[in-house]
1. Looking at the stretch A:100-107, is at least one residue under 27 Å from residue B:109 (Cα atoms), away from every other protein chain (no Cβ under 13 Å), in contact (Cβ under 8 Å) with a residue 40 or more places away in the chain and not small (Gly, Ala, Ser)?
2. Can you find, within the stretch A:13-44, the residue that is nearest to the other protein chains (Cβ to nearest Cβ) among those that are within 13 Å of the chain's Cα centre (by Cα) and among the polar types (S, T, N, Q)?
3. Inspect all residues belonging to the stretch A:80-94 and state whether any of them is modelled with pLDDT of 95 or more, assigned to a loop (DSSP other than H, G, I, E, B) and surrounded by fewer than 17 Cβ atoms within 10 Å (Cβ to Cβ).
4. Would a scan of the stretch B:12-24 turn up a residue that is facing another protein chain (nearest Cβ under 10 Å), under 13 Å from residue B:88 (Cβ atoms) and touching a residue at least 24 places away in the same chain (Cβ under 8 Å)?
5. Can you list residue pairs whose Cβ atoms sit under 7 Å apart, with the first residue in the stretch A:12-27 being over 15 Å from residue A:105 (Cα atoms) and the second being open to solvent by less than 10 Å² (accessible area, probe 1.4 Å)? Count only pairs 6 or more apart in sequence or on different chains.
6. Quick one: which strands (runs of 3 or more DSSP E) lie wholly within the stretch B:1-93 and hold at least 2 residues that are open to solvent by 20 Å² or more (accessible area, probe 1.4 Å) and of a type outside the set (A, V, I, L, M)?
7. Of the residues in the stretch B:86-107, how many are of a type outside the set (Gly, Ala, Ser) and under 13 Å from the mean Cα position of the chain (by Cα)?
8. Out of all the residues in the stretch B:31-43, which are at the interface with another protein chain (Cβ under 8 Å from one of its Cβ atoms) and either charged (D, E, K, R) or farther than 25 Å from residue B:1 by Cβ (or both)?
Amino acid sequence: DAKTTQPNSMESNEEEPVHLPCNHSTISGTDYIHWYRQLPSQGPEYVIHGLTSNVNNRMASLAIAEDRKSSTLILHRATLRDAAVYYCILRNNTNAGKSTFGDGTTLTVKP
Amino acid sequence: NAGVTQTPKFQVLKTGQSMTLQCAQDMNHEYMSWYRQDPGMGLRLIHYSVGAGITDQGEVPNGYNVSRSTTEDFPLRLLSAAPSQTSVYFCASTLGGGTETQYFGPGTRLLVL
């Protein structure tokens, strides 16, 4: 299965945009790019996913590179409640139940 | 829907004891998984199941057993607890497929002395 690479940590100021990068150079054509986040002392929760086109929802935006080898999760205005570990994973129809999570990116939001 | 539920929330074991971590989901999901998360680390896959009666090993299966007799339940058994199994355990479920969301339970904190 294709792997993803994310920076260990990032910092942001409150109410500023945050761009969280993810590299997935060995992505296959059937892999969807999913993002999850884990708030302190909680289980991970879904944020957003996409295949080729950029995606928006109430939580965030996902920008996918044209060659699909990288993607960026965009939080438009970071709040203190967005401080969490963010995971980028690849999922397809054959690995749905056995998704592996790396160490993710720990986002710190400063007031 | 209750979603994914896990019991107990917290457990202390002595080395060599056995126990079962319970996981249940009420969303009729075929796929269920167990992960462990050590302090400051990401999630590592222990075992997973793609349907009732079907289980397989993940990245770190040693010391754990699973079974899936119903769609709803996916218990994780620690055969003989060791201090290295001190961790937070998360259960997850999904319908399957590349577009489906994976739902996680609140976790079980396990301390092995």
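1. Start the filter on the stretch A:100-107 by keeping residues that are under 27 Å from residue B:109 (Cα atoms), which leaves A:100-107.
Narrowing the set further to residues that are away from every other protein chain (no Cβ under 13 Å) leaves A:107.
Subset that is in contact (Cβ under 8 Å) with a residue 40 or more places away in the chain: A:107.
Checking which are not small (Gly, Ala, Ser) leaves us with A:107.
Yes, the stretch A:100-107 contains at least one residue that is under 27 Å from residue B:109 (Cα atoms), away from every other protein chain (no Cβ under 13 Å), in contact (Cβ under 8 Å) with a residue 40 or more places away in the chain and not small (Gly, Ala, Ser).
2. Initially, the stretch A:13-44 is screened for residues within 13 Å of the chain's Cα centre (by Cα), giving A:18-24, A:32-38, A:44.
If we keep only those that are among the polar types (S, T, N, Q) too, we end up with A:23, A:38.
On the way: A:23: 16, A:38: 8 Å.
Looking at the filtered set, the residue picked out is A:38.
3. no
4. Of the residues in the stretch B:12-24, the ones facing another protein chain (nearest Cβ under 10 Å) are none.
The answer is no, given that none of the residues of the stretch B:12-24 is facing another protein chain (nearest Cβ under 10 Å), under 13 Å from residue B:88 (Cβ atoms) and touching a residue at least 24 places away in the same chain (Cβ under 8 Å).
5. Within 7 Å, the pairs are A:14/A:78; A:15/A:78; A:16/A:78; A:17/A:75.
6. Ranges flagged: B:4-7, B:10-13, B:19-25, B:31-37, B:43-51, B:54-57.
7. The number of residues fulfilling the criteria is 7.
8. B:41, B:42 - these are the residues of the stretch B:31-43 that are at the interface with another protein chain (Cβ under 8 Å from one of its Cβ atoms) and either charged (D, E, K, R) or farther than 25 Å from residue B:1 by Cβ (or both).
The values are calculated or read from the model by the stated rules, or taken from the named source; none is laboratory data. Keep in mind that this is a model prediction, so the values were computed, not measured. Here Cβ is always computed from backbone atoms with ideal geometry, including for glycine, and neighbour counts include all displayed protein chains. These accessible areas exclude ligands, DNA and RNA; they are computed on the full protein's heavy atoms, side chains included. Shrake-Rupley method; radii C 1.70, N 1.55, O 1.52, S 1.80 Å.
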